[in-house]
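Enquirer: Before we start, here is the structure in question, set down as structure tokens.
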Amino acid sequence: MISETVLQELSRIVGPGHMKSLPEDLTDYSKDATKLQFMPDAVVFPGNAEEISQILVLANRERFPVIPRGAGSGISGGALPTKGGLVLTMDRFDRILAIDQDNLITRVESGVITARLQEEVEKVGLFYPPDPASVKISSIGGNIAECAGGLRAVKYGVTRDYVLGLTVVLPTGEIIQTGVETVKGVVGYDLTRLIVGSEGTLAVVTSVILRLVPKPATQRTMLSFFPDVLSAVQAVSNIIRNRIVPSVMEFMDKLSIDCVREETGFPIPHETGALLLIEVDGHENMVSQEAKRIQDTCTRSGATHFQASSGEEEAERLWEARRNASPSMMRLRPNKVSEDVVVPRTRLPELVLFLGQLGEKYGIPIPAFGHAGDGNLHVNIMYDENVRQEKENVGAVVKDLFRKVINMGGTISGEHGIGITKAPYLDMEISGPSLDLMVRVKKAFDPNNILNPGKIFGDL
Ligand SMILES: Cc1cc2nc3c(=O)[nH]c(=O)nc-3n(C[C@H](O)[C@H](O)[C@H](O)COP(=O)(O)OP(=O)(O)OC[C@H]3O[C@@H](n4cnc5c(N)ncnc54)[C@H](O)[C@@H]3O)c2cc1C
């Protein structure tokens with residue numbers, strides 16, 4: 001519990017009007033997209049790195065937790081104040097400071113919403129590729145803290161591939177710059193990469209230097225229907241073997257397809273066992289050629305139907321199937337736990353087959369969709385919390401799933417992070433000296449465990 005005197009000190013640091021501590025004002029900051037809830041003692045809206053530094057010095061003196069918060073769209077509970085304390089929101093860090101068209105970089109404050117940055121750079125013919133499905137609601141700082149991925153990762157990579165340098169406040173209050181503003185730079189340890197994906201446990205990111213690329217001239221969207229998962233995944237491999245790297249290769253299994261068809265009426269032939277949404281981008285001639293070769297490859301791999309967009313409106317229509325995958329599966333059960341596991345791309349059929357067996361074992365549906373191009377599948381464990389057995393089984397289903405994924409050479413989280421929801425399973429993938437080293441890194445940055453305690457590692 002933060003004392004009244006300390007609250008007054010905090011208010012002095014951020015200035016009047018930039019702190020809230022009345023219970024009715026705190027509810028919005030007690031939740032994120034997990035729908036779990038923990039009340040903080042107070043929320044502050046700092047305006048610059050110096051204020052954050054003073055807050056963290058005070059937190060070390062008084063020993064209260066500080067939880068960085070971007071837009072609160074996280075789905076592993078990273079921004080939740082599980083131990084109370086102070087939520088530090090980055091809403092006022094909302095400026096795009098520079099778009100440098102000659103050096104292909106941008107400087108941006110961490111509270112900027114990602115879609116806004118994308119729109120601004122696209123106005124001058126540049127492109128910031130990382131595109132989590134939450135792009136319209138998540139912040140650059142949250143994307144960096146989670147190393148957000150997205151649909152275009154198969155061709156363009158993930159957030160870490162675009163971060164050149166950071167300005168951060170360390171948990172002990174020092175303000176430092178990491179990295180460089182050039183493509184090359186190898187001086188000292190790579191603190192930038194260490195902080196990207198650290199889930200707000202090592203530093204508060206205040207501003208960022210990001211790499212940009214030229215905006216692709218055009219794009220083409222295609223939808224291909226397959227009789228089964230094996231032929232769809234075979235098509236993905238064949239496309240890549242043909243030296244084409246689409247910007248998007250999204251997959252949906254039969255359960256997801258059936259939900260979308262029933263919920264939205266989207267026309268998908270009933271015999272379809274798997275679906276691929278593919279997008280290519282680049283110069284017009286290349287895009288046309290690649291689209292043609294992709295159609296031939298899908299047909300040769302067993303596709304029963306194929307549609308290609310002839311313009312933006314048509315592309316939008318094709319995207320509807322994929323966009324509705326997540327909401328429409330709520331018709332199966334009222335509750336869901338969504339995991340974002342990754343396996344080597346060629347092993348996706350084995351994973352989807354396993355999900356069917358897992359669902360049968362526990363008597364629940366487990367639809368899956370996701371990024372076939374990079375092997376990252378969103379596995380949805382559907383259950384009814386009013387059915388005792390289903391609710392009790394969820395933990396066992398998750399454990400069976402993670403065990404299988406790790407045995408297949410995969411990982412338990414491709415982009416959503418560990419936070420609190422996956423912390424109990426962390427040592428299934430990382431243990432022994434590797435885990436010890438990570439905990440020692442955390443302690444070196446944050447000796448009093450002030451910044452986002454309880455995240456990733458549980459209680460230290
Ligand atoms: C509908 C939906 C779709 C999604 N799709 C995707 C997807 O395709 N790919 C994907 O990767 N994720 C996806 N997500 C998850 C989520 O949007 C991302 O993890 C996103 O990066 C979180 O950003 P945020 O600003 O909302 O962060 P928050 O939820 O506010 O915080 C997330 C974590 O980042 C830390 N943090 C936030 N800002 C800072 C900062 N400035 N400095 C230090 N730490 C900070 C917090 O402490 C917390 O640990 C999706 C979420 C939803 C709800």
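Enquirer: Is it the case, given these coordinates, that Gly273 is outside the structural domain of Val121 (by TED's automatic domain parsing) and out of contact with any strand residue (DSSP E or B) (no Cβ under 7 Å at 6 or more places or on another chain)?
Expert: no
Enquirer: Okay, moving on. Considering only segment 322-337, I want to know if a residue exists there that is among the hydroxyl-bearing types (Ser, Thr, Tyr), assigned to a helix (DSSP H, G or I), buried (at least 20 other Cβ atoms within 10 Å of the Cβ) and on the phi < 0 side of the Ramachandran plot.
Expert: yes
Enquirer: Another question, then. Identify, please: which residue in segment 195-226 is touching a strand residue (DSSP E or B) at 6+ places or on another chain (Cβ under 8 Å), assigned to a loop (DSSP other than H, G, I, E, B) and not aliphatic (A, V, I, L, M) and is, among those, farthest from Ile140 (Cα to Cα)?
Expert: The selected residue is Pro216.
Enquirer: Here's a follow-up. Tally up the residues in segment 338-357 that are over 15 Å from Ile381 (Cα atoms), outside any helix (DSSP H, G or I) and either in contact with a helix residue (DSSP H, G or I) (Cβ under 9 Å, 6 or more places away or on another chain) or among the aromatic types (Phe, Trp, Tyr) (or both), please.
Expert: Here the count works out to 2.
Enquirer: Also, I was wondering about something else. Could you please tell me which pairs satisfy a Cβ distance under 6 Å, a separation of 6+ or placement on different chains, a first residue in segment 90-105 that is touching a residue at least 24 places away in the same chain (Cβ under 8 Å), and a second residue that is more than 15 Å from the ligand (Cβ to nearest atom) and of a type in the set (S, T, N, Q)?
Expert: Ile99/Thr106
Enquirer: Another question about this same structure. Just the residues that are outside any loop (DSSP other than H, G, I, E, B), of a type in the set (A, V, I, L, M) and closer than 22 Å to Pro171 by Cα, please, taken from segment 401-460.
Expert: Ala423, Leu435, Leu437, Met438, Val439, Val441, Ala444, Leu451, listed by residue number.
Enquirer: Those residues that are assigned to a strand (DSSP E or B), at pLDDT 95 or above and of a type in the set (Gly, Ala, Ser), I need them from segment 358-392; list them, please.
Expert: Ala368
Enquirer: Looking at (1) surrounded by 21 or more Cβ atoms within 10 Å (Cβ to Cβ); (2) within 12 Å of the ligand (Cβ to nearest atom); (3) within 20 Å of the chain's Cα centre (by Cα), which one does Leu117 not meet, given that it meets all the others?
Expert: Result: Leu117 passes all but (2).
Enquirer: Answer yes or no as to whether Val168 is buried (at least 22 other Cβ atoms within 10 Å of the Cβ) and either among the acidic types (Asp, Glu) or more than 9 Å from the ligand (Cβ to nearest atom) (or both).
Expert: It is false that Val168 is buried (at least 22 other Cβ atoms within 10 Å of the Cβ) and either among the acidic types (Asp, Glu) or more than 9 Å from the ligand (Cβ to nearest atom) (or both).
Enquirer: With the structure loaded, tell me whether Ser434 is within 16 Å of the ligand (Cβ to nearest atom) and closer than 29 Å to Gly150 by Cβ or whether it fails that test.
Expert: For Ser434, the condition - within 16 Å of the ligand (Cβ to nearest atom) and closer than 29 Å to Gly150 by Cβ - is not met.
The values are calculated or read from the model by the stated rules, or taken from the named source; none is laboratory data. Because the structure is a prediction, the values reported are computed rather than measured. Reconstructed Cβ throughout: ideal geometry from the backbone, glycine too, with neighbour counts over all protein chains shown.
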